[in-house]
1. For region 245-267, how many residues meet the condition of being open to solvent by 40 Å² or more (accessible area, probe 1.4 Å) and either within 13 Å of the ligand (Cβ to nearest atom) or acidic (Asp, Glu) (or both)?
2. In region 313-334, what residues are over 15 Å from the mean Cα position of the chain (by Cα) and open to solvent by 10 Å² or more (accessible area, probe 1.4 Å)?
3. Criterion first (crowded, with 20+ Cβ neighbours inside 10 Å, near the ligand (Cβ under 10 Å from one of its atoms) and over 30 Å from Ala257 (Cα atoms)) does Ile187 satisfy it?
4. Across region 203-244, what is the number of residues that are out of contact with any helix residue (DSSP H, G or I) (no Cβ under 7 Å at 6 or more places or on another chain), part of a helix (DSSP H, G or I) and within 8 Å of the ligand (Cβ to nearest atom)?
5. Name the pairs: first residue in region 41-58 and closer than 16 Å to His169 by Cβ, second residue basic (Lys, Arg), Cβ to Cβ under 9 Å, at least 6 apart or on different chains?
6. What is the one condition in (1) buried (at least 22 other Cβ atoms within 10 Å of the Cβ); (2) within 30 Å of Leu269 (Cβ to Cβ); (3) more than 13 Å from the chain's Cα centre (by Cα); (4) polar (S, T, N, Q) that Thr73 does not satisfy?
7. If you scan region 30-49, which residues turn out to be within 14 Å of the ligand (Cβ to nearest atom) and open to solvent by less than 50 Å² (accessible area, probe 1.4 Å)?
8. The conditions are (1) within 18 Å of Ile196 (Cβ to Cβ); (2) within 11 Å of the ligand (Cβ to nearest atom); (3) open to solvent by 10 Å² or more (accessible area, probe 1.4 Å), and Asp16 fails exactly one of them. Which is it?
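The values are calculated or read from the model by the stated rules, or taken from the named source; none is laboratory data. What you are looking at is a predicted structure, and each value in this text was computed from that prediction instead of being measured. No Cβ is skipped: glycine too gets one built from the backbone with ideal geometry, and neighbour counts run over all protein chains shown. With ligands, DNA and RNA removed, areas are computed over all heavy atoms of the protein, side chains included. Shrake-Rupley method; radii C 1.70, N 1.55, O 1.52, S 1.80 Å.
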Amino acid sequence: MSFFMIDELKRNPMADFEIAVIGAGVVGLAIAARLSRQHPSLVLLEKNEKYGMETSSHNSEVIHAGIYYAPGTLKARFCIEGRDELYALCSTHHIDHRKLTKLISATNEAELNKLESIRQNAEKNGVTLEFLDKQAALRLEPNIRTEGALFSPLTGIISVHGLMDYFFHTTNTNGGTIQHRCRAAGIRKENHGYEIDLDEDGQRSSITSEIVINAAGLGSDLIAEMVGIDIEKENLKLNYVKGSYFAITPSKSNFVARLVYPVPANEGLGVHALKDLGGKLKFGPDVEYLEGRTLDYRVDETKRHAFAESIRRILPGIDDEDITPDMCGIRPKLQKKGGPARDFVIVHETERGLEGFVNLIGIESPGLTSSPAIARYVEKLLF
Ligand SMILES: Cc1cc2nc3c(=O)[nH]c(=O)nc-3n(C[C@H](O)[C@H](O)[C@H](O)COP(=O)(O)OP(=O)(O)OC[C@H]3O[C@@H](n4cnc5c(N)ncnc54)[C@H](O)[C@@H]3O)c2cc1C
């Protein structure tokens, strides 16, 4: 039994809780907010002192339209469903957001040809993009380098903190319990569910729960390992892939009015122009596979020139001195360096004999956009 008090009213007859969600990022919070409506005997365990301190607060805060993901994948499906749900949630609950729109800009003949395949892929996902010739693109964004562009009317930006606050308060109002500074350190299958060992600031204890949902982001493969899944053999080991951003000097922050992306070349969408809700213009994220699993959120200042060069591909009027290191995030990627793209893994692990255990692994972008749709899917998997 944990030293944190379990409300007698919420106590479940079979176990301390009906549902334990591990990880209070935007995905774990969305799941907790949704499931606690019908199942208030729910605890959300978070190792940090507050929710949303890892990937969910180190990202681009873009509501993606669903353009690039391979049709039929969970990424494509949840991005599109989640996008619409997020816009509706934001309007109803006054969560700060803006449908800023986006251009994907081609700078030469070869890239112009690629625009058509991007447009067709988006179309298969049910996303309509408008082709703009050079003049039309420049009318929207006079400072960019372009030979033609795709216009995405449904791309936007959101306050991820506003969204997480909403999910947090909804979970609380529904009667769910959120326990911070509480690390899941071990999990055992029991007769009526699972026993979870907890480490709360060095104090060890345990709780039992009928259902366990692993939404531990960068730690989700290790949680899967705790229930006996061989993550190497099953190809579920995460790669930590850093993405850094540089901010543009405020005097040039109005060089673009919307998000402007290059035509993607390799892994990632390419360093692109992002505006945040405060009007700050930044560029990023790049793609850097890390050797270890340390969460080092410093931005490497020596990347400045390489960044400025990438930025000038889109925005020629930016000098090296116009940019400063801003922030970075770390992607929990199943895709190996140079390997094929991987989809989200969201599985109720009944086939492994783990009834009531749901794994969410590799929830990289568009995980924020997808969060409400993922929550609905997890509910369907379980109930
Ligand atoms: C650079 C970058 C840019 C991105 N841009 C976008 C974007 O513009 N749009 C978009 O849709 N998506 C974007 N994403 C993806 C998006 O940020 C993630 O998909 C999303 O935040 C994942 O949320 P999560 O809740 O799964 O993970 P996290 O936010 O990492 O939350 C997991 C939580 O689990 C906790 N935890 C881990 N282990 C344990 C344990 N043992 N016990 C208890 N708690 C534990 C962690 O402390 C953490 O709080 C981006 C990602 C990156 C890195």
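1. Looking only at that region, the number is 1.
2. Arg313, Pro316, Gly317, Asp319, Asp320, Glu321, Asp322, Thr324, Pro325, Asp326, Met327
3. The answer is yes for Ile187.
4. The total comes to 4.
5. Pairs found: Leu42/Lys10; Glu46/Arg181; Glu46/Arg183.
6. Condition (1) is where Thr73 drops out.
7. Ala30, Ile31, Ala32, Ala33, Val43, Leu44, Leu45, Glu46, Asn48
8. Result: Asp16 passes all but (2).
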